[in-house]
Amino acid sequence: MTMKHLQLRGDTFYFQKRIPTSIQHLYGGKQTIKRTLHTSDIKQAKKLRDKILGEMAQLEMESPSKARTLFKQHVANFEADKKSNPQEWDAMRHYTGDECPAELAAYRHVASETPIPIDYQFSLREALKGWQEAVGKSKSADTQRKASTFTEEFLKYLRTHDVALSQITRGMVTEFHTHQADSGYAKTTVQGKLSALKMLWKYANDRDFVHGDNPFSNHSVGGKASIKRQLMTAEEISSVMADFKQHVTPNMYLAALTSLWTGARISEVSRLTKDLVKDGCIYIEHGKNDRARRVVPIPDWLYQLLKSQTSKEFVLADGKEVSRLFSRSKTRVVADETKTLHTFRNLISTCALRADIPETIASQIVGHTNKGVSLTYGHYARGDELQKLKNNYDKIAAKLEDYLGEHVKSLKSF
């Protein structure tokens with residue numbers, strides 16, 4: 001990008017760029033942004049420029065339509081005037097129809113309580129932003145990412161920057177998920193996208209921003225059949241883990257090792273901190289669903305490994321990066337695409353089955369959704385309940401050791 005959007009005036013660099021029309025209202029109606037960067041260093045200037053460009057791109061991605069924003073501003077102003085002077089607030093206003101359409105629509109809405117015109121109704125981007133601020137903060141990073149990404153995909157398919165929620169029909173959604181399936185996405189992936197969008201629509205509906213049936217609900221979705229995961233053999237696990245160990249940091253290897261012995265998702269393991277490793281267990285606070293919040297007993301040797309870490313975060317790398325690099329190691333060693341990092345979860349479930357562990361307790365340990373799971377074995381398990389959970393895990397660990405056979409020793413090393 002070299003010097004693009006940068007100007008040197010005297011010994012100081014300035015940033016200058018035309019503001020995209022869709023977000024000019026966020027800059028007070030300005031068409032161009034001009035800003036001093038307070039530096040004469042070209043490298044620092046480029047870093048500051050890239051930061052500003054990133055902020056503008058984020059605003060453009062998240063911003064509802066300009067018309068909707070202006071409408072809301074005018075409604076707020078008119079409602080304030082009406083509240084302070086209900087008898088005469090509009091006495092001096094005489095509209096001919098040549099005014100700003102958003103202002104005229106806002107006036108009619110406040111003065112006559114007419115329905116909000118389609119162009120100014122609550123939009124999908126507003127639903128996303130509202131959900132992020134009110135609900136998303138308590139969700140996993142993966143859930144937040146999916147909500148944003150799938151919103152962009154849906155709007156890109158519609159070839160529009162934003163759309164009023166009331167204008168989204170079941171037909172539009174059907175065309176979208178059919179296109180996704182025809183593009184080669186797996187059925188579960190398409191279902192996941194609709195689920196995220198359904199969540200945003202429900203958020204708006206619960207707050208009375210939109211009414212009627214959720215257009216993202218109850219669709220018969222096509223797509224490629226999901227691949228049935230197969231267990232790796234003990235030799236394959238040992239070989240893949242050895243290769244992985246050679247190509248990653250110790251903390252990344254420890255993440256995979258913890259996943260192997262607990263069945264926990266990498267996204268869960270990667271968010272462990274020291275205060276969540278206690279009582280001989282790991283306390284999982286964040287996961288893909290409510291059931292993922294749980295206590296998972298771990299072997300004493302693994303517990304000591306985790307407690308010995310000096311940093312606040314046990315896994316410094318992003319969980320997605322761990323998964324990506326593990327996949328590379330697996331591919332180098334094992335060609336079968338049905339055998340992945342996720343099969344560690346299947347392996348723990350299989351060991352639980354072989355150890356005759358009650359399904360409710362096995363589901364609690366691996367974090368599977370099961371309506372029959374007793375809450376007494378959930379995140380607040382204490383005393384006798386915690387000991388019972390540990391006793392059951394010990395049986396699972398024994399079966400895992402039997403499965404791993406001669407490779408157990410190498411898979412307990414760090």
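For segment 176-192, the criterion of being at pLDDT below 95 and under 13 Å from the mean Cα position of the chain (by Cα) is met by at least one residue.
Here segment 192-243 is the region considered, the condition is being touching a Gly at 6+ places or on another chain (Cβ under 9 Å) and surrounded by 15 or more Cβ atoms within 10 Å (Cβ to Cβ), and the residue that is farthest from R328 (Cα to Cα) is F209. Contact annotation: residue pairs with Cβ atoms under 9 Å, 6 or more positions apart or on different chains, pairing a residue in segment 21-41 that is loosely packed, with under 12 Cβ neighbours inside 10 Å with a partner that is modelled with pLDDT of 90 or more and outside any strand (DSSP E or B), are H38/L48.
When you check Q180 against the structure, is it surrounded by fewer than 18 Cβ atoms within 10 Å (Cβ to Cβ), on the phi < 0 side of the Ramachandran plot and in contact with a helix residue (DSSP H, G or I) (Cβ under 7 Å, 6 or more places away or on another chain), yes or no? Answer is no for this residue. The criterion of being in the same structural domain as Q309 (by TED's automatic domain parsing), outside any loop (DSSP other than H, G, I, E, B) and among the β-branched types (V, I, T) does not hold for V190.
Within the set T331, T310, T338, the sole residue that is at pLDDT below 85, out of contact with any Leu (no Cβ under 9 Å at 6 or more places or on another chain) and over 13 Å from L272 (Cβ atoms) turns out to be T310.
Is it the case that some residue within segment 68-81 is at pLDDT below 80, under 28 Å from S166 (Cα atoms) and of a type in the set (D, E)? No - not one qualifying residue is present in segment 68-81.
If only residues of segment 19-62 that are assigned to a loop (DSSP other than H, G, I, E, B) and at pLDDT 90 or above are counted, the one that is nearest to the chain's Cα centre (by Cα) is L37. Scanning segment 125-163 for residues that are in contact with a Phe, Trp or Tyr (Cβ under 7 Å, 6 or more places away or on another chain) and either in contact (Cβ under 8 Å) with a residue 24 or more places away in the chain or surrounded by 19 or more Cβ atoms within 10 Å (Cβ to Cβ) (or both) returns A127, G130, W131, V135, A147, F154. Return a yes/no flag: does segment 222-240 have any residue that is farther than 30 Å from L404 by Cα, hydroxyl-bearing (S, T, Y) and at pLDDT 90 or above. Taking every residue of segment 222-240 in turn, none turns out to be farther than 30 Å from L404 by Cα, hydroxyl-bearing (S, T, Y) and at pLDDT 90 or above. Is segment 368-379 home to any residue that is modelled with pLDDT of 90 or more and within 22 Å of M232 (Cβ to Cβ)? Looking for residues that are modelled with pLDDT of 90 or more and within 22 Å of M232 (Cβ to Cβ), one finds none in segment 368-379, hence no.
Filtered by the rule that a residue be of a type in the set (K, R) and over 19 Å from W201 (Cβ atoms), segment 110-129 gives no residues.
The values are calculated or read from the model by the stated rules, or taken from the named source; none is laboratory data. Fair warning: this is a prediction, and the values are worked out from it, not measured in the lab. Backbone-built Cβ (ideal geometry, glycine too); neighbour counts: all protein chains shown.
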